[in-house]
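The next block holds one structure in the form of C-alpha cells; read it before the comments.
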Amino acid sequence: MIHDSIIRDRLVTGDKTASDVTRDIARPILNNPMIAWKVGFTLSLIFLGIFGVSLLYTLWTGIGVWNINKSVMWGWDITNFVFWVGIGHAGTLISAVLLLFRQKWRMSINRSAEAMTIFAVICAAMFPVFHMGRVWVGYWALPLPNAFGSLWVNFNSPLLWDVFAISTYFSVSLLFWYIGLIPDIATIRDKVKSKLGKTMYGFFSMGWTGSTRTWARYELISLILAGLSTPLVLSVHTIVSTDFATSVVPGWHTTIFPPYFVAGAIFSGFGMVATLLVVARKVMNYENYITIGHLDAMTKIIMVTGTIVGIAYLTEFFIAWYSGNVYEQYAFTNRMFGPYWWAYWSMMTCNLIAPQVFWFRWARTTPWFIFIMSIVVNVGMWFERFVIIVTSLHRDYLPSSWVMYSGSLTEIGLFLGTFGIFFTCFFLFAKFLPVINMAEVKSILRNRE
Amino acid sequence: MGHGHHIEVKQEQFVFSPKAKRFSMILMVLGLIFAGLGIANLGGHEETHTAKTEVAAHEGAQHGEGHAVAAHEEHGNVETEAFGPRMEFHPLDKPANTRIWANLMIAGYFFLMISLVALMWYAIQYIANAGWSVGIKRIPEAIMTFIPVPFVVLIVALLMGKNDIYHWAHYEHLGLKPGDAGYDAILAGKSGFLNSTMLFVFPSVLVVIWYLLMRKLRSLSAAEDNATRGDVSFFRTSVKFSAAFAVIFGFTISVIAWLLIMSVDAHWYSTIFGFYNFVTHWVTMITIMAFFVAFIKKEGYLGFVTNEHMHDLGKFMFAFTVFWAYLWLSQYLLIWYAQIPEEMAYYQIRFENYKFNFLLNFAMCFCIPFLGLLMRSAKRNRYVLGIIGSIMILGHYHDVWLMVFPGVFGSGMQFGFLELGNFLLFAGVFTYWVFTALTKRGLVAVNHPYLDESAHHDVGV
Amino acid sequence: MGILDKKLSLRDRKKMLVGVWEDEDQLMAGAGELAHAGIHIHDVYTPYPVHGLDRIIGARRSKLARIAFFCAVTGLTLVTTMIWYMSVHDWPMNIGNKPVRFTPSWAPVMFEGTVLCTAFGMSFFFFWRNRLVHGIKNELLDIRQTDDRMVLTIETTDGMDEKAVLDMMKNHGAVELRAFHNGVQTVL
C-alpha cells in the first residue's frame, strides 16, 4: 500500500487519523438528528403516505384502476419495477466487482450504495407483487406442493426465474451488507452512550472484537462473496431482460438484451448513487471521504456504461434493419417516429448523448453539475424501460388492438410513493448506521506516505 | 502488503533465445505438415461424400426457396421442415480449395482480433489506471504489432474465396432482379451492407485507423522509456489516445464481426454476436499473454513479476471464461426459447450436423477451464495454467471455426488436419513475430508511474 | 478439530501480557520482532484489517473456499433435484410445447439456487468458526480496540522472560502495557 504511485489521488483527504474517522462517521448516529435530516425524513414520510393511499385504493378497488386493461398489459408498473431493479445493481457492483478489481475508492461509497441496493430492490418488488392482483395468493409463485392450491411452478417461465433471482439477490445482498457492517456496528457499540443503543448495537455486533484471525477470514469471505455476487448481479438483470427477450414481441426479442440490460442497470445505479452521495457528502460533511476523486471515478463509469447502452441501442436499430424482418423494422421506426417519439428521444438524449459531457474534466468534478446529470440519467433510464415496454406493446400484431397508453393517477401515485419507501429507508439508515465503511476507510488512511 | 522491503526494478533486454526460436519453428513445421496432410486429403472421401449429398439435394431443389430442402432431405427430419424457407442456403458446387480460403479467413480473423484485443487491453490498462499490470505491459504491446499480418491474410483469403465463403457474395455475383427465379428479397434488402465494396473497404479503413493509433501508443511508450524518471506527460497522453481507441473500437468491432463472420449465415442475425466475438478473443488473448509471461519469466527475465501476477492473469482467464459462458448462454437460450425459424436455423445446422463440435466447443471454452481454474492453487500453478490455457486457446479457435464452417459448407466438415495445421502455422508465425517485437525495446517500462506498484503487487487474500 | 475457533475466547485464558499500540507500523515491527524471538502471539485485536499480521501470529490460511465449494455442489444438487422432481417426475406439464426434460431454461434457477446455498452455507460456517453469535457477550480488552487502538496479547508460559517481552513491546512503541489475569487487567 505504501507503494501506491504518487500520481494517484489521495482516497481520504484532510489528514484523518483512525479516531477522526470514527468521530466523523459516527457523529450522526451518536448525536441528535440534524434539521436537514428531519425535513428530509418528513418529506419521505409524506411520499410513503402517497404510496399507502395508492396501494390501498388499488387493493380495495382492484387492479383495473391501473390503465393496463388493454394490449399494453405492462405499463408503469413493470417500467417502475425494471427501473428500481436497475438502480439496485450499483451497490453490489461497487462492493463486489470493484472489490475484485481492487478499486480502493469503492470503500467510501460501498456501504451507502449497498444500502441503496437493498431499498431499491424492496421498491422494485412492490410492482410485480401487486400486479399479481390477488396478492393474498402470491405464495403461489413459490415452489410449494400442489396441495397449497396451485400446481408446481413452471421452471421454463422467466417470470419464475425472476422470483428466484430477485429473492436470492435481495437476501445475498443483505447478507453481504450485514457482514460488512458487523465491525462498524461493534465500533458504534463501544461508542454509544444510551442503554438501548448499547443493547441493540451489542446484539447486532455479534460479539465482534477485531481479532486478527477473524479479520483474515472476514477478508476471505468478503472476497468469496464478491466472487459469488458478481455473476449474481449480472444474472439478476439478465433474468429481468429475459422477461422481455424470451417472447416473440418485436423490439423485445433480441439477443443483446442480457448484457445491455446489465450495462443499463449499472448506469442507472451509478446515477442514483451519484444523486444520493453528492447531497450526502455536502450535508453530512463527508467531503474528505467522498472526494472529488470519487465523483470523478463514478462519472467516468456513468459515461462508459451510458455509451455501452448507446451502442446497444444502435446495434438493435441496425440489426432490425439488417434482419429484413418487417416487424422488427416497424417496431424500431415506430419507436423513433411513432406516437411515442418523445419518449424515445428523451431516452436517447439522456442516456447516450448527455453522459458524453463527462469527457470534460470540469463536468466530472463539479458536484452540482453531477447532481443535475445524475437526475438526467435517472430520467433517461426510466424512459428506456417505458420505451421498451409501451412502444412494443401498443402496436399489436392485430391492428385493431392498437392503443395508446398513459399511466393513471394511481399508477403515478404508486411510482412517486416508492420514492417514499426508498428515502424513508435511506434516512433511517443514515441515522442509525454508519454511512461510510469505517473499518475499511481506516485501512486506507496510510495509502501514501 | 510489501511493508518494509523495497524492490529495485532495472531495465532488461529480451534476447530471442534459440529455445524460443525452436519453439515457434516447431509450431510452424508441425503446422505445415498437418496442413499439407490436410490439403493432400482435400479431394478425399469426406469431401466427395459431402459434395455428393449436397449435389443430390440440389438437384431436387429450386434455387432460392429451396434453401431449406437441401439441408433437410439429407436427414429427412420432418420436424425441421418447419424451418423451411429461411433455412440457410449453401452454394453446392464449392470448389475443393474453398476449405483452404475459409481456413485462412478464420485464422486471419482470429489473429487480427487477438492483436486488436491486445491493443484494447493495453488501452484499458491506461484508462483504468491499472497498476499491477505495468510489469507485463510489453507483452500486449508486442502482440498488438501483429495487426497487419493477419489482416493481409484475411484480405487475400477474401479476395480468393469470397464468393464461395459468403452466400451473399455469391448471390451478389448472380445479380438477380425482383421477379427472377431465386430472387431473395432478404439478401437484396441487406445489399446496402453486405456487398463486396463494404467487405473490403470498411475493415481496411478501420484497420488503418486502429493501426495508426497502435503506432502512436507504441511510440509514446518508447518515448517514455527515454524520458526522465517522474515525467508523467507520456502517461497522460497515452491515456488520451487509449480513450480514443477504446471508443472507436467499441463502436466498430461489432460491425466487423457482423460483416466478416455473422454474414456467413447470411439470413441469420443476432445482436449479441459482436460482443460475443469480442469476449471470445479477449479471454484467448489474456491466456496467450499469460503464456508469454510464463515463458519469458522462465527464460530468466522480469524477476519482479511473480506468482501474484500469474495469479491475477489466471483470475482473468477464469472470470472471462464464465463471462464467455454467460454470453454464449444468453444467445443460445433466447434463440432456443423463442424458437423463431430464421433464428433457429443457425443452431439447427450446428446442433444437427455438428453435434460433437457443438458440445466440444462448450466443454473446451467453459466446462474444462471453469473446473480447472476454480481453485486458487490451480491459478498459481504454471503447468495447470499451461494445460488449461492450451485447451482454451484451441477451444476458442474452434469456436470461430464453428461460427464459419457449418455456414459455408452445410454438413460433412470436420475440424481436421488442415484446420489444425493452419492454426499451428499461424500460431508459430505469431509467436515468432511477438518474440521479435519483444526484442525491439526494453522489457520493463522503467519510467511508467505505476511500475513500482506492479513490482510490489500482492493479490492479498 | 471443531468448527469453533477455540483461540478466540478469552474465557479460557489464565494469564496474558497485553500491549496496546496506536500506530500500525510500530505494531507490525513489534509483532514481527516478538515472533522472531520465538514468542507465540496469541492474537492482535485491530479496528481494521492489518495485512500481514495473520502471517506473523501464525494463523493458517482459512479453508473457507473449500467449504464454499462444498456448499455450491450441495446447492446445485438440491436445486436440480427439486426442478427435476417438480417438473419432470411429479407433475409434468406441457406449457408452450417446451420439452419435459432437462432444458437450457433450467439454468437460471439452478444458478440462483447454487448461489443462495453457497452464500448462506458459507456464512453460517464463517459465523460459527469465528464465534459470531447474536447477543453473545463481547470480550473487549480495550474499549478503543474497535476505534483506533491495537491490542496484542501473549499467553504467558512457564519460563517466559516476561520482563524481556514487556521491554520489547515498550521499545516498539506500545503506549500501554497490562497484565491479564483470570479476566482482570492491571496496568503495568
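The values are calculated or read from the model by the stated rules, or taken from the named source; none is laboratory data. Treat the numbers as computed from the prediction; the structure is a model and nothing was measured. Ideal geometry is used to build each Cβ from the backbone, glycine not excepted, and the neighbour counts take in all protein chains shown. Note: areas computed on protein heavy atoms with side chains; ligands, DNA, RNA excluded. Shrake-Rupley method; radii C 1.70, N 1.55, O 1.52, S 1.80 Å.
A few remarks follow.
- Simple spin-label estimate for B:SER191 and A:ARG361 gives 5.3 nm between the two label positions (7 Å along the Cα-to-Cβ direction from each Cα).
- Segment A:GLU219-A:PHE203, extension gain: residue separation times 0.36 nm, minus the distance between their alpha carbons: 3.5 nm
- Shielding by partners, peptide A:242-254 (average Cβ within 10 angstrom, other chains): 3
- Share of alpha-carbon pairs per 10 Å distance bin for chain C, given as whole %: 8, 27, 24, 14, 11, 9, 6, 2, 0
- Remark on the range C:64-129: ratio of C-alpha radius of gyration to 2.2 N^0.38 Å is 1.35.
- Accessible area in the full protein assembly, largest first, 1.4 Å probe, for C:ASP12, A:ASP396, C:ASP5: C:ASP12, A:ASP396, C:ASP5
- Comparing A:PHE155, A:PHE83, A:PHE423 in a Gaussian network model of chain A, where Cα atoms under 10 Å apart are tied by springs, the biggest mean-square fluctuation is seen for A:PHE155.
- With the alpha-carbon atoms of chain B aligned to their principal axes, the span from lowest to highest coordinate is 79, 42, 39 Å, starting with the largest.
- nm² value of the averaged projected area, convex hull over the Cα atoms of chain A: 23.8
- Taking all Cα pairs closer than 8 Å and separated by 6 or more residues, the relative contact order of the range A:260-343 comes to 33 percent.
- Rounded percent of accessible protein surface that carbon and sulfur make up, the range B:143-293, 1.4 Å probe: 69
- Entries in A:LYS442/C:LYS137; C:LYS14/C:LYS170; A:LYS282/A:LYS431 that, when Cα-Cα distance is taken, lie over 18 Å: A:LYS442/C:LYS137; C:LYS14/C:LYS170
- Dimensionless Rg over Rh [the range C:14-108; C-alpha; Kirkwood]: 1.42
- Based on alpha-carbon atoms, the Kirkwood radius and the radius of gyration of the range B:256-331 give Rg/Rh equal to 1.16.
- Each helix, a run of at least 4 DSSP H residues, gives -39500 (n - 2.57); summed and divided by the residues of chain C, these come to -12000 deg cm²/dmol at 222 nm.
- For the range C:64-129, averaging the sequence separation of C-alpha pairs within contact (under 8 Å, six or more residues apart) and dividing by the residue count gives a relative contact order of 54 percent.
- The range B:173-240: trypsin sites (Lys or Arg not before Pro) falling in loop per DSSP and having at most 10 other Cβ within 10 Å: B:ARG229
- When you filter the GluC sites (Glu not before Pro) in the range B:296-364 for DSSP loop state and at most 14 other Cβ atoms inside 10 Å of their Cβ, you are left with B:GLU299.
- The convex hull defined by the C-alpha atoms of the range B:276-389 has an orientation-averaged projected area of 7.7 nm².
- Convex hull volume of the C-alpha atoms in the range A:8-55, normalised per residue: 143 Å³.
- Heavy-atom accessible surface that B and A bury in contact, both chains counted, 1.4 Å, Å² to 100: 4100
- Going from the chain on its own to the full set of protein chains, the range A:1-37 has these residues losing 50 Å² or more of accessible surface (heavy atoms, 1.4 Å probe, no ligands, DNA or RNA): A:MET1, A:HIS3, A:ILE7, A:ARG8.
- Put simply, the C-alpha atoms of the protein assembly as shown give a gyration tensor, and the ellipsoid matching it has half-axes of 51, 38, 27 Å, longest first.
- Residues of the range A:261-298 falling in the label zone of A:ASN31, defined by backbone nitrogen less than 13 Å from a point 7 Å along Cα to beta-carbon, are A:283-286.
- Computed FRET value (nearest 0.05) for B:VAL15 with B:TYR383, which takes r as the C-beta separation and R₀ as 22 Å: 0.30
- Surface per residue (accessible, 1.4 Å probe) for the protein assembly as shown, Å²: 38
- Most mobile of A:ILE118, A:ILE221, A:ILE370 in a GNM of chain A (Cα contacts under 10 Å): A:ILE221
- Percent carbon-and-sulfur accessible area, the range A:325-428, ignoring ligands, DNA and RNA, probe 1.4 Å: 78
- Note on chain A: with a GNM built from Cα contacts shorter than 10 Å, the maximum mean-square fluctuation among A:LEU11, A:LEU181, A:LEU100 falls on A:LEU100.
- Among A:ILE179, A:VAL97, A:GLN329 - extreme Cα towards positive end, dipole of chain A, charges at beta-carbon: A:ILE179
- If only the Cβ of Lys and Arg carry +1 and only the Cβ of Asp and Glu carry -1, the dipole of the protein assembly as shown around its Cα centre is close to 2800 debye.
- For chain A, adding -39500 (n - 2.57) for each run of n ≥ 4 DSSP H residues and dividing by the number of residues yields -21500 deg cm²/dmol at 222 nm.
- For chain A: relative contact order, % (alpha-carbon pairs under 8 angstrom, 6 or more apart): 35
- Over all Cα atoms in the range A:138-264, the spread is summed up by Rg and Dmax: 20.7, 61 Å.
- Two-site FRET efficiency, C:ASP158 against A:TRP140, from Cβ-Cβ distance with R₀ of 45 Å, rounded to 0.05: 0.05
- Share of carbon and sulfur in the accessible heavy-atom surface of the range C:1-144 [1.4 Å probe, %]: 63
- Summing both sides, the accessible surface hidden between A and C at a 1.4 Å probe radius is close to 5700 Å².
- Value at 222 nm in deg cm²/dmol, rounded to 500, when DSSP H runs of n ≥ 4 in chain B each add -39,500 (n - 2.57): -23000 deg cm²/dmol
- Volume in Å³ per residue [convex hull over Cα atoms, computed for the range A:81-177]: 105
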